[in-house]
Amino acid sequence: MWPRFGIKIGNSTLCIAYVKADGKAEVIANKQGDRVSQACLLWDGDSEIECGLTAKQKMATRPKQAVAHSFQLLQPKEHLTEEIFSNALKDIPCDFDKEELVFRMEHAVPSEKEDQDDQIVTKELSAYQVTMELLRAELELAHQYHTDADQAPIAVISIPSYYPAEAFKLLSDAAETAGFHVAQIIAEPTAAVLGYNIGEDELQARQHVLTIKCGGLYSDFALFAVQNGFFIELATFGPFAIGGRQFTEALVQFICEEFKRKYKLDPHESRRSLAKIRTAAANCKHTLTTMPSTQLYIDSLMDGVDFNAQMSRARFESLIQPVINNLMQQLGECIEQAQQKRPELKRVDHIVLLGATMQIPKLQAAVASRFPDAKLHNSHSADEVVAIGCARQAVCLLDPLEQQLQKADDCVLVEDDLYIWHRDDEANATLVLGKGSIRAGDKEILANLPGPAAAEDGLFQLEVEVNWNDKDGNVVPQVRLSCM
Amino acid sequence: MTNSLELEVPLKVARHQIERVGLAYFNARRKIAPGGVERSESDEKLEGVGEEVEISYLKSLDPKEWKDQDHYSVLGLGKLRFEASDDDIRRAYRRMVLQHHPDKRKAKGEVVINDEDYFTCITKAYEILGTSKPRRSFDSVDPEFDDSLPSQTEIDNDYFAVFNKMFKLNGRWSERPQVPDFGEVDAKREEVERFYNFWYDFKSWREFSYLDEEDKEKGQDRDERRWIEKENKAARIKRKKEEMSRIRDLVNLAYNNDKRIQRFKQEEKDRKAAAKRAKMDAVQAQKAEQEKAVREAALAKERADKAEQKRIEQIRIEREQQKKVLKKERKTLRDKVKDCKYYAKNDKDQLKHMEGTEKICETFNLAELQALNKAMESKGRESFVAALQTAEQKIAAELEEINQTQAKKLATATAAAPKAAGVKEVKKGELWSNENVQLLIKAVNLFPAGTAQRWDVIATFINQHSGSGGAQVLARDVLNKAKALQNSDHSKSSLKTQANDAAFASFEKSKKEVQVSNDITIGEEAPSQESKENVKQNGGAHPNQVNNQKPKQNGISTPAAAAAAPAAGAGAGAAPPAAPMTNGTGGAGGAGGASKTWTKEEQALLEQAIKSYPTTTPDRWDRIAACIPNRSKKDCLRRVKELVELVNSKKEAQAAVK
């Protein structure tokens, strides 16, 4: 049963963490030594499909054979609106058939005779199959730690908060086909909150947690209440089309202008040049999250001309400032909206950042300044925290072989203790209902009531039945005592 | 007795959608048991964590000697021991901590000396049992484990109970999870085999690092640590070996005493013996069958041989009988005819009838003779005369037939003979004798093309050298001849015509001879002795057959000569035609001359004749010649001369050798 695994799968990246019985979650590095794998898939035109970084590198030269950003399309058909399509199709390198809902990859086989046209071979993969392939690559990583051949590795997988319940089933099926045993699918923000152990102490008062996710393509926000170790989702917002891509794009625009100014050549004219700039810009962005400055060097950018520039974090930050402002404005609107509905949300105690883009220091600073009273959690790398949270959740599972795809339970949370005692003997009171316990539906509670009132053996059993009468949305408990 | 009371409680509750995540949620879920009945706190704590531990036992422990303590007993798991799950151990430890933590005891007013407190033993026990590796090493040397092997009396008393217990006990060391059961008396063969295979191939995880004399970490420097490790390793290996041999002994003990194995072996033996017996039986049966077949075949053959012999004998007897009957019939006929005085009216008639009787005897077959005899009994002379007539008719018909075939042959032969041979050609043939042709060839070679007046010169050359000195050749003749010789078309060449002529001539000669011999046969009214024999043997075959043999023999030589002639002609254009010519004449001469070979019969007749007519007999050679058909007096004389010469030469040769 051990180790168990937590997997985060997103549009741009995947991350897998394992956890042993001691509860310590550890991210597994892939073959390239990266802790986060690229969610790219490349078909070689024949039978081989490769995933990860190598696929992403080859994607620039062979876009028609590659699939990327596919996860957003892993949704039930009726949820795939025109808006989602129009947003998604911009980011997918190969063709996507909207009718059949398949990625159509094309590969030109060079013909043997010169006078003939190249033969085009195509391969169709659904988003489901793509997800399966990507997860299969993760399974290989899992097998470093999972040695039990009889039992598929137990995994908890995350899903973005705005996905409908039907998508849970899709994702779980894909992972099961890939070779995992999916014990549970949990929402990304929940996983992130779990990743930081917020509210695990059962006796703490109610706390509010804001999660801000900014991934490769989209961002979303969620508000949670944590009470006695229980997590209650209060509101979710998103997705908003602000993601790492916008940040990279700002940098790309800058490079283009700089190049144009220096050499009077417009890189926009060549797709190849643009692809090169994009790769360089993405690298530059990643470097600048940790380093104060970096060298931006693009070999033979256009017409044999190289591009070389020094990039400092300050300059980068000034470039991405508009995007950050955009995001903060969106966030502000959402919070205000939520606070109007629930006045108690005035106070946000914790902020959890997730998604690779949230690692940008300037963005973190912007969030921190917006919520000065809240505790900002960023000790885990923002792109790994979800996987770690999933892994931690995997530890808690009672019966990992049972699959749970339901996100939340309709429960009644008891906020006071309920004692029973005999006569004035308060010292011998018995706790029937504890503060912070939850009840789902009618329950019988057996309690031993000590005291002299008992019959000959000094004990008699008291059956306590609590009826939860629902009055105007408020729950009023009805307690019935029967003496036996 | 049930009292029921319902109250509305001012309990603060709220309804929420609670995420199914986090420890608290799952703890809460766990508390809500499936039946909806919640266990009270104390119940939950005590559940499944073994027995209470005597405080006096704990107090008796020395924390310094932790290595020798029984960790399971310390945690109250003395009964579960190695079967305790990780969860059990964790819970047991938590319970022990709750009860025995120094702070708790201090609160109760106990005096606790920090260093030597027994609580250290509890933490140490958990340290060992709580992590899998040290727990394994402790389990490996579990003091409760019985390493001994069962004694022989135990085995004899209750073999299966003892070994079932032993193997169940030892099965816990197996690295492989599913340990097969020892099984009972009636276990199946495969199960028992699987069991022993497993145990003879047993891989134990038992290791003895717990018993290490010294702790590696105590070493002061690297060398010392290394030495310690080496020592420990050696000790571990030794113990492991002992353990392996113990397991092996146990399995051997079980195997050797296993009645099932003995049973299986016996069964196997029986089965093999049965198979062998069956095989032998089969072989024997096969052999017997083969022998029987051979015997039967021999018997059948014998029977068939016998039948064949009998049949042959039968045929022979039949034939003899037939002959006898024929003879008898002939005899009765002769006798009857004789008795009746040949039904003759006069002497001439009698002679004729006597002759006729013999003719009848010869020509009539058995049935006819019988019929005749019968008829003669009743009708006498009439039937005899009729038979005489039929016999004569038959003979006449035969003769007629022979004559006809002869005539036919003659006709075809004469028809084939070319009557017309041109005068000129004859002349030319004379002109171009073999000699002349040779001369011509010589001359042509002598005077090559380009010689002045070539053909005239050649003509004079031939005329000069020609020995015959007959007709003179002219230049024109020479030219024609040379051309003809050169001409590759043999059908036109006169050479071929010549060869054909020669061949035909030899053929005709041989034909004439045949006719001669035929005439002789016909001329003699009574067939010779020899031909009579032939007639008898062939059962009424035509007498002509005998004569036919001669032309056949000649026929062989004539086509050979005819074939030789064109072959020579077809050879190189200048080939001498003399060779076929001489051959042809030689062959023909041989056939026509006295050298006609003597047959065996003729020889025998000759010898007989010479003996019967002594030298004193007048006209001796005439008489001898009369005895032999087809031979003249001259032939006989020559033959005798030859024979005398042959005998003389033989005698000379023998004398020379001596």
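FYI, it's all coordinate maths here, none of it is from the lab. None of the values given here were measured: they were computed from a predicted structure. Ideal geometry is used to build each Cβ from the backbone, glycine not excepted, and the neighbour counts take in all protein chains shown.
Between the beta carbons of B:Val647 and B:Glu392, assuming R0 = 51 Å, the FRET efficiency works out to 0.60 to the nearest 0.05. Measuring between alpha carbons in the structure, the pairs from B:Lys323/B:Lys600; A:Lys123/A:Lys285; A:Lys56/A:Lys260 lying more than 30 angstrom apart are A:Lys123/A:Lys285.
Straight Cα distances below 21 angstrom link A:Lys24 to the lysines A:Lys8, B:Lys133, with same-chain residues fewer than 8 positions distant left out.
The mean sequence distance of close C-alpha pairs (under 8 Å, at least 6 residues apart), as a share of the length of region A:244-318, puts its relative contact order at 24 percent. If the label point is 7 Å along Cα→Cβ of A:Glu176, which residues in region A:1-29 have backbone nitrogen under 17 Å from it? What the label zone holds, given the 17 Å backbone N cut-off, is no residue at all.
Across region B:152-257, the relative contact order, built from alpha-carbon pairs under 8 Å that are at least six residues apart, equals 23 percent.
Report the FRET efficiency, 1/(1 + (r/R0)^6), for A:Lys58 and B:Asn27, where r is their Cβ-Cβ distance and R0 is 45 Å, rounded to 0.05.
Once the sixth-power term is evaluated, E becomes 0.40.
In this Cβ point-charge picture (+1 for Lys and Arg, -1 for Asp and Glu), region A:108-199 has a dipole of about 540 debye about its Cα centre. Given +1 at the Cβ of Lys and Arg, -1 at the Cβ of Asp and Glu and no other charges, the dipole of region B:240-344 around its Cα centre is 740 debye to the nearest 20. A crude spin-label estimate for the pair B:Ile441 and B:Lys241, with each label 7 Å from Cα along the Cβ direction, gives 11.2 nm. Given a cut-off of under 8 Å on Cα pairs at least six residues apart, what relative contact order in percent is computed for region B:150-202? Worked out over region B:150-202, it gives 29 percent.
Note that region B:617-633 has calculated 3J(HN,Hα) couplings of 4, x, 6, 4, 5, 4, 5, 4, 4, 5, 5, 9, x, 6, 10, 8, 4 Hz, one per residue in order, obtained from phi through the Karplus relation 6.51 cos²θ - 1.76 cosθ + 1.60 (θ = phi - 60°); glycine and proline are x.
Would you please classify the overall shape of region A:99-138 from the alpha carbon gyration tensor, given that a ≥ b ≥ c denote the square roots of the eigenvalues, rounded means a/c under 1.5, and beyond that prolate means a/b larger than b/c while oblate covers the rest? Verdict is oblate for region A:99-138.
Distance between the modelled labels on A:Glu124 and B:Ala344, one decimal in nanometres: 13.2 nm (7 Å Cα→Cβ projection). Near B:Lys328, which lysines are there with a Cα under 25 Å away, not counting those fewer than 8 places off in the same chain? Cross-link targets: B:Lys336, B:Lys338, B:Lys341, B:Lys352, B:Lys359, B:Lys374, B:Lys379, B:Lys394, B:Lys532, B:Lys536.
The residues B:Val457, A:Val348, when put in order of fewest to most other Cβ atoms within 10 Å, stand as B:Val457, A:Val348. Positive end of the dipole of region B:271-410 (Cβ unit charges, origin at the Cα centre): among B:Tyr343, B:Leu366, B:Gln290, the Cα lying farthest that way belongs to B:Gln290.
Taking the charge dipole of chain A about its Cα centre, with +1 at Lys and Arg Cβ atoms and -1 at Asp and Glu Cβ atoms, the residue from A:Gln38, A:Val386, A:Phe230 reaching farthest to the positive side is A:Gln38.
Sparse packing (at most 13 other Cβ atoms within 10 Å of the Cβ) combined with a DSSP loop state is found for the following trypsin sites (Lys or Arg not before Pro) in region B:56-131: B:Lys79. Within straight-line reach of B:Lys104, meaning a Cα separation under 24 Å, sit the following lysines at least 8 residues removed in sequence or on another chain: B:Lys45, B:Lys59, B:Lys64, B:Lys124.
Exceeding 30 Å between C-alpha atoms, which entries from my cross-link table qualify? They are A:Lys20/B:Lys238; A:Lys276/A:Lys362; B:Lys511/B:Lys650; A:Lys169/A:Lys362; A:Lys341/A:Lys375.
Check vs 30 Å cut-off fails for A:Lys20/B:Lys238; B:Lys511/B:Lys650; A:Lys169/A:Lys362.
Computed extension length for B:Ala293-B:Gln220: 16.6 nm, one decimal, from 0.36 nm per residue of separation with the Cα-Cα distance subtracted.
Put +1 on the Cβ of every Lys and Arg and -1 on every Asp and Glu Cβ in region A:1-131; which of A:Gly10, A:Ser70, A:Thr54 then has its Cα farthest towards the positive end of the dipole? It is A:Gly10. Distance between the modelled labels on A:Trp421 and B:Glu83, one decimal in nanometres: 4.4 nm (7 Å Cα→Cβ projection).
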